[in-house]
Amino acid sequence: MSKVIAVTGASSGIGEATALRLAAEGHHVVLGARREDRLASLAEKIRAAGGSADVRRLDVTDRHDMTAFVDAAVDAHGRIDVLVSNAGVMPLSRLDALLVEEWDRMIDVNVRGLLHGIAAALPHFQRRRGGHFVTIASIGAHEVSPTAAVYCATKYAAWAITEGLRQEADPSIRVTTISPGVTESELAGSITDPGARALMGDYRANTIPAGAIADAVAYAIAQPADVDVNEMIIRPTRQR
Ligand code: NDP
């Protein structure tokens, strides 16, 4: 059955690949991110391939923006079936570099942004007794490494919030956490700290394509309504 699926952070990387994959399966995708030009090109590409997509500028750190994003999709289509909370940033650095503003940004996007999505979509899902939350967390939700303390903390939080949501939500609501390993995307572009950037060069030598994560999201969504895929970890075989 065709679903209405909202994807945050759809302007690049995993969000873009997920939107393309879900649209190719016949779902209507609602694309949100701050770079509207990128969203518009993606929507054009989806439509040219016979799919359907809407775009809306979205800053997940702004609760009202997030609510308006979900409400606009519900107004246009009568419902949303799935919210993929994918938007994230990863400006890594050692704690002693004291890049406090970057810590705040990770907390704002990766944690507050996720919570804003839940606050926006949960009332709709509860009203219609159905819906699916998909959180893109990380392998960093399970392990910590140097330069990644704050990033991993935000992903541990994303994992905990999503698991708590699963426990509390009505059984008609499905909840999935997808935890990627090192994946091709623009994520490392947000690293300003030279030491962390140098480390990332080695780390990123063996990535998997963003489509591998999109496949996992598509699998979770495609299961029957009474089957709840709670977590998948997808990493390159070479990543320990
Ligand atoms: P990208 O940098 O390619 O994509 C990040 C997306 O998040 C962009 O579309 C960006 O759009 C969006 N975004 C950032 N800030 C905001 C904001 N304030 N409001 C709305 N959208 C925002 O990286 P990935 O595709 O890799 O990242 C997607 C998710 O996957 C993230 O949550 C990341 O933590 C997670 N992840 C990625 C891994 C990897 O190795 N790539 C590994 C594990 C997890 P815009 O700038 O246009 O707003």
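For Val150, the test of being crowded, with 17+ Cβ neighbours inside 10 Å and closer than 15 Å to Val89 by Cα is passed. The residues of the stretch 59-77 that are open to solvent by 10 Å² or more (accessible area, probe 1.4 Å) and touching a residue at least 60 places away in the same chain (Cβ under 8 Å) amount to a single one, His77. Ile221 falls short on exactly one of the conditions (1) within 14 Å of the ligand (Cβ to nearest atom); (2) at pLDDT 95 or above, and that condition is (1).
Summed over the stretch 110-132, the residues that are over 27 Å from Met1 (Cα atoms) and open to solvent by 20 Å² or more (accessible area, probe 1.4 Å) give a count of 4. Which residues, taken from the stretch 166-189, are near the ligand (Cβ under 7 Å from one of its atoms) and part of a helix (DSSP H, G or I)? Listed by number, the residues that qualify are Leu187, Gly189.
Within the stretch 2-58, take every residue that is at positive phi and away from the ligand (no atom under 16 Å from the Cβ) and give me the one that is least open to solvent (accessible area, probe 1.4 Å). Among them, the one singled out is Gly26. Of the residues Ala33, Ala10, the single one that is within 14 Å of the chain's Cα centre (by Cα) and under 22 Å from Tyr219 (Cα atoms) is Ala10.
If I filter the stretch 142-156 for residues that are touching a helix residue (DSSP H, G or I) at 6+ places or on another chain (Cβ under 9 Å) and over 23 Å from Met200 (Cα atoms), do I get at least one hit? The answer is no, given that none of the residues of the stretch 142-156 is touching a helix residue (DSSP H, G or I) at 6+ places or on another chain (Cβ under 9 Å) and over 23 Å from Met200 (Cα atoms). For the stretch 123-165, the tally of residues that are away from the ligand (no atom under 11 Å from the Cβ), of a type outside the set (Phe, Trp, Tyr) and within 30 Å of Val74 (Cα to Cα) stands at 17. Of the residues making up the stretch 153-176, those that are among the small types (Gly, Ala, Ser) and open to solvent by 10 Å² or more (accessible area, probe 1.4 Å) are Ala153, Ala157, Ala160, Gly164, Ala169, Ser172.
If you go through the stretch 85-136 and keep only what is among the aromatic types (Phe, Trp, Tyr) and outside any strand (DSSP E or B), you end up with Trp103, Phe125.
If you go through the stretch 1-42 and pick out every residue that is assigned to a helix (DSSP H, G or I), touching a residue at least 12 places away in the same chain (Cβ under 8 Å) and either under 21 Å from Leu187 (Cα atoms) or not hydrophobic (A, V, I, L, M, F, W, C) (or both), you end up with 14.
Beta carbons closer than 6 Å, at least 6 apart along the sequence or on distinct chains, pair a first residue in the stretch 192-213 that is closer than 26 Å to Thr135 by Cβ and open to solvent by less than 40 Å² (accessible area, probe 1.4 Å) with a second that is assigned to a helix (DSSP H, G or I) and within 14 Å of the ligand (Cβ to nearest atom) for Met200/Ala188; Ala210/Gly13; Ala210/Ile14; Ala210/Ala17; Gly211/Ala17; Ile213/Ile14. Is there a residue being out of contact with any helix residue (DSSP H, G or I) (no Cβ under 8 Å at 6 or more places or on another chain), open to solvent by less than 10 Å² (accessible area, probe 1.4 Å) and over 24 Å from Ala153 (Cβ atoms) anywhere in the stretch 82-103? No; the residues of the stretch 82-103 include none that is out of contact with any helix residue (DSSP H, G or I) (no Cβ under 8 Å at 6 or more places or on another chain), open to solvent by less than 10 Å² (accessible area, probe 1.4 Å) and over 24 Å from Ala153 (Cβ atoms).
The values are calculated or read from the model by the stated rules, or taken from the named source; none is laboratory data. For clarity, every value in this text was computed on a predicted model and none was experimentally measured. Cβ atoms come from the backbone with ideal geometry, glycine included; neighbour counts cover every protein chain shown. Heavy atoms of the whole protein, side chains included, go into the accessibility calculation; ligands, DNA and RNA do not. Shrake-Rupley method; radii C 1.70, N 1.55, O 1.52, S 1.80 Å.
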